Each structure stands twice: as C-alpha cells, then as structure tokens.
Amino acid sequence: MTTALPSLHIDVISDVVCPWCYIGKRHLEAALREWRGKSDVNAQTAVSIRWHPFQLNPDLPSEGVDRKSYLEEKFGGPTRAKEIYARVGAAGAAAGLELNFDAIERQPNTLAAHALIALAQEGADAANDPAQIAARADQIVESLFKAYFVEGRFIGDLEILLDIAETNGLNRDDSRKALSDAFSLDRVASADASARGQGVSGVPFFVFNRKYALSGAQPASVIVSTIEQSLLG
C-alpha cells in the first residue's frame, strides 16, 4: 500500500512596496530549499503558495506621493529615515538582494498591483495547470518587487503594470480590463480588510497549512521549523 505524500500550503500576506516582504520572500525560498534537501519525502511534497494583499498605505492617491517626503514624514525626518533604510538595505544584501532605494521617486498606491497578482492566480489562460499558475504568480510578484526596489519604477502606473503582466505571459488587453475593473479592485480591498480583521497588522505574514503563522521576515531556519510543525499530525 502506497502512503500518500503530505502537502504544504503557504499563504503569504504582503505588500509589493514593503522591503521586508521582499526580504521575507527570499527567506521563504531559502527555507524551502533547505527543507526539501532534508529528505526524499520533503523533496517530493507538493508545495503551493498563495499570495494575499495587504496595503501599507491604502489611502494614498492613485498618482502616488513624493517618496522622500513620505519617508521623512513617516519616520520623523531625513536622518531617521536614512538610518532605518540603511538597516533594511543591509538585511536585503544579506538575503542576496541589491535594493536601490535611491532610485524610487514616488510612493505608489498598490491596489492595482495586487489586482495583477490576483489575476495571475486565477488561471484564466488555456493551460489552467496549477503548477504553471503558481509559477506565473511568483514571477509576477518577483517582477513587481524588482521593478520597485531595484529598478525604481512607479508600479502605481497602469502601463508599467501592463508591461509586467505582458512580460510574464498575461494578455495585455485582458489585464487592462481586470486592473481597471471596479469589482476586481474592490475584491482586493476586501481581501486586505479581511486580513486586518483577522488580526494581521504588519507584513510579511505567513500561514503554513492553515495551522501555524509567522509574522515578519523570519530567518530561514525559523521558517523550516514552522513548516515541519505544520506537517505534523
């Protein structure tokens, strides 16, 4: 008799303008590699990751705001902002990321960016293969992080989002409709509100097999331990 392999489902609540979320993504990737390398069973275990929206600044206008002024207001002046982002940059470098904060000119509203991630996860193409859909969603998330934190692109701009969609295999016209659709955007806002209603107050926030949660960009070793706990009985 063949024993069915366990499965691992990971829910990730994050925002694409949160540097710790980008760092947390790298830590999660490292943790999965470490965990899979521990045994043949782990290597063969199906892993699914679902991305959920959280807007750090849901009230920002669609055109965004000046990034420098935003940070100075948020952290109480330029000196404090510089100190904080120096630490974030160091953490990013340790995770293998070259974060280019100086290239960012505007702080965007991320509602449409989250709608793009949701579209990528819907499987609206002909293949509808879960693994391909998950891979595409991961590519979209990665592209959004990279566009903002490495390339300094304004990901509140519809055309930039459509470029990212098209580059990652989504139809540009269909994406335009989805990202301009009030219902699609309302769904994102509702999902954001739902996460807050469940007690999520900061991101990244990870939930493993709907049993165990981790808040923050935890080290890979902590994530591995939580994965193992979530797969027990």
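Inspect all residues belonging to the range 214-223 and state whether any of them is in contact (Cβ under 8 Å) with a residue 12 or more places away in the chain, in a helix (DSSP H, G or I) and touching a Lys or Arg at 6+ places or on another chain (Cβ under 8 Å). Scanning the range 214-223, I find no residue that is in contact (Cβ under 8 Å) with a residue 12 or more places away in the chain, in a helix (DSSP H, G or I) and touching a Lys or Arg at 6+ places or on another chain (Cβ under 8 Å), so the answer is no.
Might you let me know whether the range 120-143 holds any residue that is buried (at least 16 other Cβ atoms within 10 Å of the Cβ), assigned to a helix (DSSP H, G or I) and in contact with a Pro (Cβ under 9 Å, 6 or more places away or on another chain)? No; the residues of the range 120-143 include none that is buried (at least 16 other Cβ atoms within 10 Å of the Cβ), assigned to a helix (DSSP H, G or I) and in contact with a Pro (Cβ under 9 Å, 6 or more places away or on another chain).
Checking every residue in the range 21-34 against the condition of being under 21 Å from Ser194 (Cα atoms), surrounded by 13 or more Cβ atoms within 10 Å (Cβ to Cβ) and of a type outside the set (Ser, Thr, Tyr) gives at least one match.
Considering only residues that are of a type in the set (A, V, I, L, M, F, W, C) and over 21 Å from the mean Cα position of the chain (by Cα), look in the range 36-70 and name the one that is farthest from Val203 (Cα to Cα). In this case the residue turns out to be Val41.
Is it the case that Ser184 is more than 24 Å from Gly24 (Cβ to Cβ), at pLDDT below 95 and not aromatic (Phe, Trp, Tyr)? When the stated conditions are applied, Ser184 passes them. For the range 178-213, residues that are assigned to a helix (DSSP H, G or I) and closer than 17 Å to Cys21 by Cα total 3.
Residues that are at positive phi, among the small types (Gly, Ala, Ser), surrounded by 13 or more Cβ atoms within 10 Å (Cβ to Cβ) and touching a residue at least 40 places away in the same chain (Cβ under 8 Å): does the range 58-71 have at least one? Yes - at least one qualifying residue is present in the range 58-71. For the range 154-185, filtering for residues that are of a type in the set (Phe, Trp, Tyr) and within 17 Å of Pro61 (Cβ to Cβ) leaves 1. Might you let me know whether the range 117-127 holds any residue that is farther than 22 Å from His9 by Cα and among the β-branched types (Val, Ile, Thr)? No, there is no match, as no residue in the range 117-127 is farther than 22 Å from His9 by Cα and among the β-branched types (Val, Ile, Thr).
The values are calculated or read from the model by the stated rules, or taken from the named source; none is laboratory data. Since the model is a prediction, treat every value here as computed from it, not as a measurement. Note that each Cβ is placed from the backbone with ideal geometry, even for glycine, and that neighbours are counted across all protein chains shown.
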